[in-house]
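Beneath this line is the structure, given in structure tokens, with notes to follow.
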């Protein structure tokens, strides 16, 4: 059986590709967790409950929005970017956090459009559709980019320069 570390380093030596993978993992894990927790809250199962402050329900998309704003601010100053020694770990962390914040935000996408908590009705389906599309794009970028390029199926805009 191949060594995971060797396989990982061989396929994700490119920091951009590694960041895409870590974003996809953060996104998928957070989305699944958020869905699980919200279903548990609704069913009254486990230690979970809605988060409220002063009688106002705070949606988890709020934390996602603040996360995206914080990451945007950090990336504006080029913190958490780059393959250089000393920057690789922050780069990995910010990539994963981008996936986390995106999932928290997009999980309540229907709330953006309708400005009401329709998470559980037919209109709430918009959130699931938005999440599925975004997750698909992240996964394609992380796992399929090189293969699509090799097959000539990647639009010119997304092609990576050859070394």
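Some observations on this one:
- More than 17 Å apart - percent of Cα-Cα pairs taken over region 6-82: 64 percent
- Translational diffusion coefficient (Stokes-Einstein; Kirkwood radius from C-alpha pairs) of region 52-109 at 4 °C, 1.567 mPa s, in µm²/s: 105 µm²/s
- Linear extension gain, residue 73 paired with residue 53, 0.36 nm per residue minus alpha-carbon span: 4.6 nm
- Theoretical FRET efficiency, 1/(1+(r/R0)^6), r = Cβ-Cβ of residue 7 and residue 81, R0 22 Å, to 0.05: 0.30
- As a rough footprinting exposure proxy, the listed residues 100, 93 were ranked by other beta carbons within 10 Å of their own, and the order from fewest upward is 93, 100.
- Applying 1/(1 + (r/R0)^6) with r as the Cβ-Cβ distance of residue 140 and residue 66 and R0 = 35 angstrom yields a FRET efficiency of 0.80.
- Extension gain for residue 45-residue 89 works out to 12.2 nm (0.36 nm per residue, less the C-alpha to C-alpha distance).
- Ranked list, fewest to most other Cβ atoms within 10 Å of each Cβ, for 62, 38: 62, 38
- Residues 53, 13, 18, sorted so that the one with the fewest Cβ neighbours within 10 Å comes first: 53, 13, 18
FYI, it's all coordinate maths here, none of it is from the lab. Quick caveat, the model's predicted, so the values are computed rather than measured. Because the Cβ atoms are built from the backbone with ideal geometry, glycine has one as well, and the counts that use them run over all protein chains shown.
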